[in-house]
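> Please read through the structure below; I'll follow up with questions.
The values are calculated or read from the model by the stated rules, or taken from the named source; none is laboratory data. Everything quoted here is computed from the prediction, not taken from an experiment. Please note: Cβ atoms are built from the backbone with ideal geometry, for glycine as well, and neighbour counts cover all protein chains shown.
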Amino acid sequence: MYAAFRSIGSYIPENILTNHDLEKMVDTSDEWIVKRTGIKERRIANKDEVTSDLGYKAALQAIERSDISVDEIDMVVCATLSPDYLTMPSTAAMISQKLGIKNVMAFDISAACTGFVYLMSLAKSFVESGAKKNILIVGAEKISSIIDYEDRSTCILFGDGAGAAIIGQTEDKNEAIIDVLASANGNFGELLITPGGGSKNPIREDNVKDKLQYMKMAGNEVFKVAVKTLTNDVIEILAKNKIDASEVDMFIPHQANYRIVEAVRSKLNFPIEKTALTVAKYGNTSSASIPMAMNDMYESGRVKHGDLMLLDAFGGGFTWGSALVRFAGKNFTK
Ligand code: UT7
């Protein structure tokens, strides 16, 4: 039994926060942001929308585009660094509830921007072992809820959104998810961190006053490791599976910064037209970035049935991973 990538969907919040809006909030400029990151705008969820609402809407689209009904989903997993609740209930449980799914395993994973690749690894193993048949995986983020809009080193980068996919069973090896590699190294934990809210710095007045509930990033140091790691990830997974880069139909890297994507793409010689690039309009949406980018490629007809996708992610932890995935869903129709 193999695991097949059956469908993709996404949800993009309506509100747009432009670089010009940010110019009025912090000491920055549209010119600096575009030059250093390639980002022009990002989406921000409504006040009354929570992460599971975004994930739910992406999931509805993924389910609708698959061959299965909600009742056939036997596991729901969500990757997020901005869950509805810090400890419980899980965002996956909330997504299940909104979808009307009852009595199936639902849980969250914490792997920051690599979350969607971790989900692929997990779903592949559960399906291949025969334990589950149709798994809903969701990368959903309301990152605006953990951003300090007085901190120009983070607030210009991140946005909200969600992406979801159905991973199902197949006996056809040509439809299979080929391989997923995923790793972590906690030695780099402090470079990209939300220090408050957990057991180390619980929600207390003094911690909140120190703004520990917000994400902090040593951007420049993260940047250097990200480029190196994202490049090595691709080299490793292609070599391991004896696949040449020219066989990849769509390279879908994590959308953190145009300069990072471009450095990796040019080093590995992926043509621009075979590289997903959505960071300009969505910013960095962490675990949602890869499925949101994939969905854009799908809806523009650039990912079709049978195409070989290469996913490549890097994020807080540090975590990183790559996946070689055949798109085994239906072609997009309006
Ligand atoms: O998703 C997880 C992975 N995340 C990433 O991969 C993000 C990785 N990091 C980055 O994308 C980049 O490092 C940033 C976009 C965050 C920063 O770009 P950079 O080219 O590394 O800039 P820098 O941090 O080295 O700062 C350069 C200058 C500094 O000023 P001085 O010291 O040269 O006078 C900063 O204070 O730019 C200044 N600066 C800003 N200026 C205007 C930093 N942020 C801003 C800003 N607007 N928003």
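> Taking residue 183 as the residue in question, decide whether it is assigned by TED's automatic domain parsing to the domain that holds residue 314 and surrounded by fewer than 18 Cβ atoms within 10 Å (Cβ to Cβ). Can you show your working first?
Numbers: assigned by TED's automatic domain parsing to the domain that holds residue 314: yes; surrounded by fewer than 18 Cβ atoms within 10 Å (Cβ to Cβ): yes.
So residue 183 fits the description; yes.
> Also, quick follow-up: Name, by its number, the condition in (1) assigned to a loop (DSSP other than H, G, I, E, B); (2) crowded, with 21+ Cβ neighbours inside 10 Å that does not hold for residue 226.
Single failed check for residue 226: (1).
> Only one of (1) buried (at least 19 other Cβ atoms within 10 Å of the Cβ); (2) over 17 Å from the mean Cα position of the chain (by Cα) fails for residue 221. Which number is that?
It is condition (1) that residue 221 fails.
> I'm told residue 164 meets every condition in (1) in contact with a Pro (Cβ under 6 Å, 6 or more places away or on another chain); (2) touching a residue at least 24 places away in the same chain (Cβ under 8 Å) except one. Can you identify the failing condition by its number?
Exception for residue 164: condition (1).
> Which one is surrounded by the most Cβ atoms within 10 Å (Cβ to Cβ) among residues in the range 150-161 that are within 12 Å of the ligand (Cβ to nearest atom) and part of a loop (DSSP other than H, G, I, E, B)? Break it down into steps so the answer makes sense when it comes.
Filtering the range 150-161 down to residues within 12 Å of the ligand (Cβ to nearest atom) leaves 150-159.
With the extra rule that they be part of a loop (DSSP other than H, G, I, E, B), the set shrinks to 150-151, 156-157, 159.
Values: 150: 11, 151: 15, 156: 26, 157: 22, 159: 31.
The selected residue is 159.
> Quick check on this structure: which one of 249, 233, 307, 312 is within 16 Å of the ligand (Cβ to nearest atom), surrounded by 16 or more Cβ atoms within 10 Å (Cβ to Cβ), over 16 Å from the mean Cα position of the chain (by Cα) and outside the structural domain of residue 163 (by TED's automatic domain parsing)? Spell out how you get there, then give the answer.
On the way: 249 fails: within 16 Å of the ligand (Cβ to nearest atom); 307 fails: within 16 Å of the ligand (Cβ to nearest atom); 312 fails: over 16 Å from the mean Cα position of the chain (by Cα).
Answer to the selection: 233.
> Sticking with this one: Look through 196, 168 and report the one residue that is touching a strand residue (DSSP E or B) at 6+ places or on another chain (Cβ under 6 Å) and more than 13 Å from the ligand (Cβ to nearest atom). Full working, then the answer.
Details: 196 fails: touching a strand residue (DSSP E or B) at 6+ places or on another chain (Cβ under 6 Å).
None of the other options fit; the residue is 168.
> Right, next: Considering (1) within 16 Å of the ligand (Cβ to nearest atom); (2) in contact with a Phe, Trp or Tyr (Cβ under 9 Å, 6 or more places away or on another chain); (3) in contact (Cβ under 8 Å) with a residue 60 or more places away in the chain, say which one residue 221 fails and leave the rest.
(3)
> Same structure, new question: Of all strands (runs of 3 or more DSSP E) completely enclosed by the range 1-85, which ones contain at least 3 residues that are more than 16 Å from the ligand (Cβ to nearest atom) and not assigned by TED's automatic domain parsing to the domain that holds residue 260? Break it down into steps so the answer makes sense when it comes.
On the way: elements: 2-11, 15-18, 41-44, 75-79.
Where strands (runs of 3 or more DSSP E) fall fully within the range 1-85 and carry at least 3 residues being more than 16 Å from the ligand (Cβ to nearest atom) and not assigned by TED's automatic domain parsing to the domain that holds residue 260, they are 2-11, 75-79.
> Residues in the range 37-51 that are in contact with a Gly (Cβ under 7 Å, 6 or more places away or on another chain) and of a type outside the set (Val, Ile, Thr): how many?
Of the residues in that region, 2 qualify.
> Within the bounds of the range 268-279, is there any residue that is touching a residue at least 60 places away in the same chain (Cβ under 8 Å), assigned to a strand (DSSP E or B), within 22 Å of residue 10 (Cα to Cα) and not small (Gly, Ala, Ser)?
no
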